[in-house]
Amino acid sequence: SRKEYIHGIYPLANDDKYEKVAKQVVPVVLASFPHRARLTQLSALEYLLKAALRYMSKVELNSLIHSRLQLKSLDVAQRIYWLSTGAILNADQYLGALSRYVAGKEIRVGHLGAFFYREQGESSKLGDLSIHTRARLLELLAPSCRPDRHADGIVTHDMNRADLVRNWINNLAASPDPTATQELQRLATLPELHQWLEQLGQARLQQGTVARDFSFVHPSHTQVADTLYQGLPANVADVAAIVNEVLAGIGKDIRTSDNNLFRLFWNGDSYDRPQTQKPEEGCRDVLVELMRERLRKFQIECTGEARHVNESRSDILCTYSTWAIPIEIKKDSHKALWRGINEQLLAKYSIDPRAQGHGVYIALWFGGGFKKNPPPTGRKPATAEQLLQRLKDQVPANRSKLISVHVIDFSLPK
């Protein structure tokens, strides 16, 4: 308990290769963690708790949280970290207690912001938060920061909290759920959030559009593309439909055309015979060129590695007028293949106001194998079609009309 720093904690929370170790070590270390922690120990607690959220059973973790919170000697920062973990795990049980403990207390709000700001990383459980929980946390943090940034280049904790609040507002704006409508309306009426009134107003308008798009019964991609063949997109849903139709056509041509398009995604030998797969970035660049050619007649621009309002970067962005469709790409061998939909496309890219909740996820099939990135559950997909279904199953039901999944088959003909 006297150690200033515990070595090897970070990978437990952020590297799947340490899953077995984490399951054995994390519960033991958390149960014996000192009641009062130094700053460096607090950092270790953060990673331990985030590893616990990934690997401990809900029942076991909930029991541990409950027992730690009973300790009267627990310091302020630790209590906030444990309550925050509880709010992620079981909002009904812990969110109220967290709100009462933190609300209006500047130092405590700082600890809360630090925990959730770093929680935005790849191992984040933030996507599991309910809309109500996210809105309540936003309500706690927003009064302590301003949406405008100073131009002196110095990044402060207040600025980090502002980035977090801004991302959460964008998440609410990208949700078609009626609860998001209600929460944005409620937040806009709170006097303590007056500094964020403009952002909340814009979010309400965007969320209204997303909700209308979601409830609308969209025609098929083919019908939209046929209708617009001599015209231009009228809304973001049209842009998405055209992009999806173009991707479906490219996928079909790669497998059936006599031009051997699949060779473009392989490195050839001296006789131009496919030998090794191109890296993911190389595949993306080829795909962008193929898409550009087909999207040009709709005046839709297609760019690689595009920046979004929250400073994140999607692999491809298709834009027309004020609308944009973000696209995330993963090879079948990528370690984040199974996490990309929720942790990148949904959490970072589809929340761009220009996308209004829309997004596309593309998996590049070179034959599978999945030796280094097995699926989290079930058998390994044996075909591109099986992978497509497994990935579609990861899209939340309330986003299925806005998020599309494609698996493009680049495997060598047998």
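The values are calculated or read from the model by the stated rules, or taken from the named source; none is laboratory data. Keep in mind it's a predicted model, so treat the numbers as computed, not measured. Glycine also receives a Cβ, built like all others from the backbone with ideal geometry; neighbour counts cover every protein chain displayed.
If you take the residues of segment 34-68 that are touching a residue at least 24 places away in the same chain (Cβ under 8 Å) and not in a helix (DSSP H, G or I), which of them is farthest from TYR81 (Cα to Cα)?
MET56
Could you go through segment 210-224 and let me know if any residue there is assigned to a helix (DSSP H, G or I), at pLDDT 90 or above and surrounded by 15 or more Cβ atoms within 10 Å (Cβ to Cβ).
No: zero hits.
Can you give me the number of residues within segment 168-216 that are of a type in the set (D, E, K, R) and farther than 16 Å from ILE403 by Cα?
Qualifying residue count, segment 168-216: 5.
Provide a single number: the residues in segment 256-276 that are in a helix (DSSP H, G or I) and loosely packed, with under 15 Cβ neighbours inside 10 Å.
Number satisfying all stated conditions: 1.
Failed condition for ILE351, given (1) of a type in the set (Val, Ile, Thr); (2) under 15 Å from the mean Cα position of the chain (by Cα); (3) surrounded by fewer than 20 Cβ atoms within 10 Å (Cβ to Cβ), with all others met?
Status for ILE351: all satisfied but (3).
In segment 235-255, what residues are among the charged types (D, E, K, R) and either touching a Lys or Arg at 6+ places or on another chain (Cβ under 7 Å) or outside any helix (DSSP H, G or I) (or both)?
If the condition is that a residue be among the charged types (D, E, K, R) and either touching a Lys or Arg at 6+ places or on another chain (Cβ under 7 Å) or outside any helix (DSSP H, G or I) (or both), then no residue fits.
Kindly check whether there is at least one residue in segment 27-41 that is surrounded by fewer than 19 Cβ atoms within 10 Å (Cβ to Cβ), of a type in the set (Ser, Thr, Tyr), farther than 25 Å from GLY110 by Cβ and out of contact with any Cys (no Cβ under 9 Å at 6 or more places or on another chain).
Within segment 27-41, one or more residues are surrounded by fewer than 19 Cβ atoms within 10 Å (Cβ to Cβ), of a type in the set (Ser, Thr, Tyr), farther than 25 Å from GLY110 by Cβ and out of contact with any Cys (no Cβ under 9 Å at 6 or more places or on another chain).
Taking the stated definitions as given, is LYS297 buried (at least 19 other Cβ atoms within 10 Å of the Cβ) and more than 15 Å from LEU317 (Cβ to Cβ)?
no
Kindly evaluate PRO375 against the criterion of being outside any strand (DSSP E or B), under 14 Å from ILE341 (Cα atoms) and free of Cβ contacts under 8 Å to residues at least 40 places away in the same chain.
Spelling it out, PRO375 is indeed outside any strand (DSSP E or B), under 14 Å from ILE341 (Cα atoms) and free of Cβ contacts under 8 Å to residues at least 40 places away in the same chain.
Considering ALA234, ALA241, which residue is out of contact with any helix residue (DSSP H, G or I) (no Cβ under 9 Å at 6 or more places or on another chain) and either closer than 20 Å to GLN356 by Cβ or buried (at least 17 other Cβ atoms within 10 Å of the Cβ) (or both)?
Just a single option satisfies the conditions, and that option is ALA234.
Each row is one residue, and each column tells you yes or no for (1) small (Gly, Ala, Ser); (2) modelled with pLDDT under 90; (3) in a helix (DSSP H, G or I).
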| position | (1), (2), (3) |
| --- | --- |
| LEU112 | no, no, yes |
| TYR117 | no, yes, yes |
| GLY127 | yes, yes, yes |
| LEU197 | no, no, yes |
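Could we say that THR189 is at pLDDT 90 or above, closer than 30 Å to SER144 by Cβ and surrounded by 15 or more Cβ atoms within 10 Å (Cβ to Cβ) here?
For THR189, the condition - at pLDDT 90 or above, closer than 30 Å to SER144 by Cβ and surrounded by 15 or more Cβ atoms within 10 Å (Cβ to Cβ) - is not met.
Residue under question is ILE329, and the condition is that it be modelled with pLDDT under 95 and not in a helix (DSSP H, G or I); does it hold?
For ILE329, the condition - modelled with pLDDT under 95 and not in a helix (DSSP H, G or I) - is not met.
Could you figure out which of (1) farther than 27 Å from ALA234 by Cα; (2) without any contact (Cβ under 8 Å) to a residue 40 or more places away in the chain; (3) in a strand (DSSP E or B); (4) not β-branched (Val, Ile, Thr) isn't true of LEU364?
(2) is the only condition that LEU364 fails.
Return yes when VAL243 is farther than 19 Å from ALA174 by Cβ, at pLDDT 80 or above and among the aliphatic types (A, V, I, L, M) and no when it is not.
Against the criterion (farther than 19 Å from ALA174 by Cβ, at pLDDT 80 or above and among the aliphatic types (A, V, I, L, M)), VAL243 does not qualify.
Can you name the residue in segment 378-412 that is in a loop (DSSP other than H, G, I, E, B) and within 22 Å of the chain's Cα centre (by Cα) and, of all such residues, is farthest from GLY249 (Cα to Cα)?
Checked segment 378-412; the qualifying residue farthest from GLY249 (Cα to Cα) is PRO396.
Taking segment 225-240, which residues are touching a strand residue (DSSP E or B) at 6+ places or on another chain (Cβ under 6 Å) and at pLDDT below 90?
Of everything in segment 225-240, just one residue is touching a strand residue (DSSP E or B) at 6+ places or on another chain (Cβ under 6 Å) and at pLDDT below 90, namely PRO233.
When you check SER314 against the structure, is it out of contact with any strand residue (DSSP E or B) (no Cβ under 9 Å at 6 or more places or on another chain) and of a type outside the set (Val, Ile, Thr), yes or no?
no
Mind checking which residues of segment 141-186 are within 20 Å of GLY104 (Cβ to Cβ), crowded, with 16+ Cβ neighbours inside 10 Å and of a type in the set (Lys, Arg)?
ARG161 - this is the single residue of segment 141-186 that is within 20 Å of GLY104 (Cβ to Cβ), crowded, with 16+ Cβ neighbours inside 10 Å and of a type in the set (Lys, Arg).
Name the single residue that is modelled with the highest pLDDT among those in segment 393-410 being farther than 17 Å from ALA237 by Cα and surrounded by fewer than 16 Cβ atoms within 10 Å (Cβ to Cβ).
ASP393
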